[in-house]
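Input: a single structure, listed below in structure tokens.
The values are calculated or read from the model by the stated rules, or taken from the named source; none is laboratory data. Note that the structure is predicted; figures quoted are calculated from it, not measured. Positions of Cβ are generated from backbone atoms using ideal geometry, with glycine treated the same way; all protein chains shown enter the neighbour counts. The protein model used for the area step is the full one, side chains on, heavy atoms only, and it has no ligands, DNA or RNA in it. Shrake-Rupley method; radii C 1.70, N 1.55, O 1.52, S 1.80 Å.
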Amino acid sequence: MQAAPQSSDDYDEASRMDYAEKAYRTFRDFRSDFASIDRDFGFSSDVSEATQDFFQRGAEDFALGNYNSGITGQIYRQKFTDLRPEFVEEVKDKCVGYTFGGNLSSLVDDSQTINELLHAYHSYIMNNESILQKVPVVDQKGNDYGYSITLRGDESPLSRQVFDALLTDLDVGDTDIIGADEHVMMMVRDRGHALTISAEPDQSKADQIWVEYNIPKLCNVEMIKSLPGLSGYTDNGARGGFFADRNELGTKVADFIGQVPTDDDMSKPGGALYGRF
């Protein structure tokens, strides 16, 4: 956002050249941020090399042949902010928990902007059960179906509330709840294959929590359509979000999980297998 051009940056050729130089330095400086992520998560050399190639390719694009009016906005969009719909779909297809997909280096190779690169990293991390399950355990309980519900990270009133609200009779596979200050992240196996949920306080209303969800597998489209706050769905999954009162977050999340279809719902009306057998 700080790299966004102002109207004065597009005033004349000299101001456009100054903006291009400033934007180049900002673009280049992002490399150290992603290098830190590589180190912190212990990513393979393939990821680091692919990310280095991304920045090398991007740096070459700052060798401009002209500085015509509008070039500042073009630089900002093409190097920083654009997020192509087809790239979003590729990420959704490859970044799914409890699968063998999610090759981060290939997603980095396909990234064209900082925003796309960040989206690839973020989606890979948030949908990788191996990464989430390395977060230290705070509490754990078994459910009636033989799976574990685990609270990890920082125990906060919000993360504890969600953990306590997931009763043992809730039909879910292994479930991980990660607390980080007032942020809560979750992966729930066997609901939409590997449902992910994030929750954080709304900036304008302290008593409201914004809950976002991503469902990678459309087991039953009719059930998906009935979910609260659904923003849309494709063959690669569904996304949405809703508000919950702070003191009702756990109940709202548990109720929502119970509405997300499972493989058993695929043979019901609206399911992917309905009427085939």
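Taking the Cα centre of the chain as reference, the dipole from Cβ charges on Lys and Arg (+1) and Asp and Glu (-1) amounts to some 240 debye. Charged neighbours of Pro85, selected by a Cβ distance under 12 Å, balance to -3 (K, R count +1; D, E count -1). Note on the chain: dipole from Cβ charges, positive end direction compared against Thr251, Ala272, Leu227; the farthest Cα belongs to Ala272.
Heavy-atom accessible area with a 1.4 Å probe sorts Arg189, Arg276, largest first, into Arg276, Arg189.
Distance from the Cα centroid of the stretch 156-232 to that of the stretch 1-32 is 39 Å (rounded to whole angstrom). Specify whether the C-alpha gyration tensor of the stretch 125-188 places it in the rounded, prolate or oblate class, a ≥ b ≥ c being the square roots of the eigenvalues: rounded for a/c under 1.5, otherwise prolate if a/b is larger than b/c and oblate if not. Since a/c reaches 1.5 but b/c is at least a/b, the shape of the stretch 125-188 is classed as oblate.
Put +1 on the Cβ of each Lys and Arg and -1 on the Cβ of each Asp and Glu in the chain; which of Thr51, Met187, Gly237 then has its Cα farthest toward the positive end of the dipole? The listed residue farthest towards the positive side: Gly237. When the helices of the chain are scored as -39500 (n - 2.57) per DSSP H run of n ≥ 4 and the total is divided over every residue, the value at 222 nm lands at -12000 deg cm²/dmol. The fraction of Cα-Cα pairs per 10 angstrom bin, counted from 0 for the chain, comes to 6, 25, 29, 23, 12, 5, 1 percent, rounded to whole percents. Each DSSP beta bridge with both residues in the chain is either parallel or antiparallel, and the antiparallel ones are about 90%.
Here the Kirkwood formula puts the hydrodynamic radius of the stretch 1-153 at 17.6 Å, using every distinct Cα pair. For the stretch 155-262, take the alpha-carbon Rg, divide it by the Kirkwood Rh, and send me Rg/Rh. In the stretch 155-262, Rg relative to Rh is 0.95.
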